[in-house]
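Chemist: One structure, as structure tokens, below. Some questions next.
The values are calculated or read from the model by the stated rules, or taken from the named source; none is laboratory data. Given the structure is predicted, the values throughout are model-derived calculations rather than measurements. Ideal geometry is used to build each Cβ from the backbone, glycine not excepted, and the neighbour counts take in all protein chains shown.
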Amino acid sequence: MVLFGHTHKEGAVTYQGKLFINPGSTTIPKGLHANLGGTYAILTVSDKQYTVKFYNRRHEDLSDLTVIVAR
């Protein structure tokens, strides 16, 4: 798992067996979803999967951005 945030663009993808997570930015959002007013992410780990859920600054679930990856 790789966590980073310098780009201010939220997202979660797998590449070469690693899960890359960028929570976005709550203060200076950029990219396709900048109009949401900022994002952060919560990672949930279970025996079977990783779930990355994104939220806006009002703590509203942005379910369209949710990423689920099998372990």
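Chemist: Hey, could you check the stretch 6-52 for residues that are within 16 Å of Ile68 (Cα to Cα) and charged (D, E, K, R) and say which is surrounded by the fewest Cβ atoms within 10 Å (Cβ to Cβ)?
Modeler: Asp47
Chemist: Give Leu3, Leu65 a once-over and let me know the one that is hydrophobic (A, V, I, L, M, F, W, C) and buried (at least 17 other Cβ atoms within 10 Å of the Cβ).
Modeler: Leu65
Chemist: Pick from Gly31, Gly37: which is over 10 Å from the mean Cα position of the chain (by Cα), modelled with pLDDT under 95 and under 15 Å from His59 (Cβ atoms)?
Modeler: On the way: Gly31 fails: under 15 Å from His59 (Cβ atoms).
Result of the check over Gly31, Gly37: Gly37.
Chemist: Provide a single number: the residues in the stretch 31-45 that are part of a loop (DSSP other than H, G, I, E, B) and either in contact (Cβ under 8 Å) with a residue 24 or more places away in the chain or touching a Gly at 6+ places or on another chain (Cβ under 8 Å) (or both).
Modeler: Going through the stretch 31-45 one residue at a time, the tally reaches 3.
Chemist: Which number in (1) touching a residue at least 40 places away in the same chain (Cβ under 8 Å); (2) assigned to a loop (DSSP other than H, G, I, E, B) marks the one condition that Val52 misses?
Modeler: (2)
Chemist: Please go through the stretch 37-56 and pick out each residue that is over 20 Å from Phe20 (Cβ atoms) and in contact with a Leu (Cβ under 8 Å, 6 or more places away or on another chain).
Modeler: Asn56
Chemist: Follow-up question, since we're still on this one. Checking Ser25 against (1) part of a strand (DSSP E or B); (2) closer than 10 Å to Glu10 by Cα; (3) in contact with a Lys or Arg (Cβ under 9 Å, 6 or more places away or on another chain): exactly one of these is not met. Which one?
Modeler: If we test Ser25 against (1) part of a strand (DSSP E or B); (2) closer than 10 Å to Glu10 by Cα; (3) in contact with a Lys or Arg (Cβ under 9 Å, 6 or more places away or on another chain), just (1) comes out false.
A quick yes/no check of all residues on (1) at positive phi; (2) in contact with a Lys or Arg (Cβ under 8 Å, 6 or more places away or on another chain):
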residue: Gly17; (1), (2): yes, no
residue: Ile21; (1), (2): no, no
residue: Thr51; (1), (2): no, no
residue: Asn56; (1), (2): no, no
residue: His59; (1), (2): yes, no
residue: Arg71; (1), (2): no, yes
